[in-house]
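The structure appears right after this line, and notes come after that.
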Amino acid sequence: MRHEKAALLLELARALAATAEGLTLDEMAERIGVGRRTAERMRDALRDLFPQMEDIDDPPTRRFRIPAGLDALFQTPDAEELSALRTAIETFRASGARTRASALEQLEAKVLAAMRAPARRRLAPDLEAVLQAEAIAVAPGPRPFEDEAVLRRVREAIIALRRLSFDYLGGSTPGRRREVSPLGLLFGRSNYLVASEGEAGEPRTWRLDRLADVRLLDQPAAPPPDFSLAAFVDRSFGIYQDAVEDVRLRIAPHGAEEALGWRFHSTQTATPQADGSVLVAFRASGMRELAWHLFSWGDKVQILAPERLKAMMAEQLSLALAVHSS
């Protein structure tokens, strides 16, 4: 038990040293999974260990942080943490995300260089054992486009709050010059820039592999005050954005167990029924991508709503049948 308390105290110290804004008592309690009174006692204990801890007034509350960071003695990673970092590197590389793999590889080198030699030697056997016992299963799909120059230019525009121009080789008018206000990046099976075009244009996605001659403009491009990239992503089942609709699915009894452990969408509800089936409901756009996904469920799923999703699924099934029945 004493070891567990010491580990929690060290975890909280790391959290306070890693934040620039500081943490409130409630945030500290949530971060390490304890009650507020326990968080208060742990804060007081850390203040004795780290006199440099700062109090920051943030009415109606107060924040705390350790501004100078922690000594390397407290920061040595373990074999599990290093193996997770190496696995992330290899996963990115296997999927074609070379730029992000390279960035994490540089981080790994910095972490190892900051460790004391005895600690590195002590961890080496465990790290090697973990890495040999784990493998990466890469799902089939398009290799994500990661041109370092394009990513750097887009990120620079996002950070500097400046408009971006490029020739867009997709859409209804391929090759047309576009000027947009960049809002964020989406990484997945394909990588996308999220940006709005025009003064009051709705945010939309632009495939990074279809951007050419990317340039930063001198015009400012602050995002709308109410824009949230996470909320934008949650509107859709996948990447494509269109009308948001109420989706209702019936999962047959022989697929119920799988459905109860499946995440269709962040807004979903899954309700078991008396006959052993499960009713899944959520609000989302991107019906075409949803139809493609539901195809993989075979006879386990029945679309109850919306009608547009039913029609789209029937269309995709007809196309597949027409090709394979011949």
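The values are calculated or read from the model by the stated rules, or taken from the named source; none is laboratory data. Worth saying up front: this structure is predicted, and the values here are computed from it rather than measured. Here Cβ is always computed from backbone atoms with ideal geometry, including for glycine, and neighbour counts include all displayed protein chains.
The residues on offer are 43, 62, and the sole one that is in a strand (DSSP E or B), in the same structural domain as residue 14 (by TED's automatic domain parsing) and either closer than 21 Å to residue 13 by Cβ or not hydroxyl-bearing (Ser, Thr, Tyr) (or both) is 62. Out of (1) surrounded by 14 or more Cβ atoms within 10 Å (Cβ to Cβ); (2) under 31 Å from the mean Cα position of the chain (by Cα), the odd one out for residue 53 is which? Just one mismatch for residue 53, condition (2). Among the residues of the stretch 279-299, is any at negative phi, at pLDDT below 90 and β-branched (Val, Ile, Thr)? No; the residues of the stretch 279-299 include none that is at negative phi, at pLDDT below 90 and β-branched (Val, Ile, Thr). Residues of the stretch 7-33 that are over 18 Å from residue 53 (Cβ atoms) and either assigned to a helix (DSSP H, G or I) or not small (Gly, Ala, Ser) (or both): 7, 30.
A quick yes/no check of all residues on (1) within 26 Å of residue 243 (Cβ to Cβ); (2) surrounded by 13 or more Cβ atoms within 10 Å (Cβ to Cβ); (3) of a type in the set (Lys, Arg):
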| site | (1), (2), (3) |
| --- | --- |
| 157 | no, yes, no |
| 163 | no, yes, yes |
| 167 | no, yes, no |
| 172 | yes, no, no |
| 176 | yes, no, yes |
| 193 | yes, yes, no |
| 197 | yes, yes, no |
| 201 | yes, no, no |
| 205 | yes, yes, no |
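Taking the conditions exactly as written (farther than 14 Å from residue 65 by Cα and in contact with a helix residue (DSSP H, G or I) (Cβ under 6 Å, 6 or more places away or on another chain)), does residue 25 satisfy them or not? Judged against the criteria, residue 25 is not a match.
Does the stretch 182-192 include one or more residues that are of a type outside the set (D, E, K, R), free of Cβ contacts under 8 Å to residues at least 24 places away in the same chain and not assigned by TED's automatic domain parsing to the domain that holds residue 91? No, every residue in the stretch 182-192 fails to be of a type outside the set (D, E, K, R), free of Cβ contacts under 8 Å to residues at least 24 places away in the same chain and not assigned by TED's automatic domain parsing to the domain that holds residue 91.
Pairing residues of the stretch 45-68 that are within 14 Å of residue 20 (Cα to Cα) and in contact (Cβ under 8 Å) with a residue 40 or more places away in the chain with residues that are surrounded by 14 or more Cβ atoms within 10 Å (Cβ to Cβ) and of a type in the set (Phe, Trp, Tyr), at Cβ distances under 6 Å and at least 6 apart in sequence or on separate chains, gives 66/50.
In this structure, does residue 88 turn out to be exposed (fewer than 15 other Cβ atoms within 10 Å of the Cβ), within 30 Å of residue 188 (Cα to Cα) and not assigned by TED's automatic domain parsing to the domain that holds residue 154? Reasoning before the result, please.
Details: exposed (fewer than 15 other Cβ atoms within 10 Å of the Cβ): no; within 30 Å of residue 188 (Cα to Cα): yes; not assigned by TED's automatic domain parsing to the domain that holds residue 154: yes.
No: the conditions fail for residue 88.
Taking the criterion of being among the basic types (Lys, Arg) and at pLDDT 85 or above, the residues of the stretch 165-224 that qualify are 176, 177, 178, 204, 207, 210, 215. Screening residue 324 with (1) surrounded by fewer than 17 Cβ atoms within 10 Å (Cβ to Cβ); (2) touching a residue at least 60 places away in the same chain (Cβ under 8 Å) gives one miss only, at (2).
Taking helices (runs of 4 or more DSSP H) as the structural unit, those lying wholly within the stretch 213-304 and holding at least 1 residues that are farther than 30 Å from residue 152 by Cβ and of a type outside the set (A, V, I, L, M) correspond to 256-260, 287-295.
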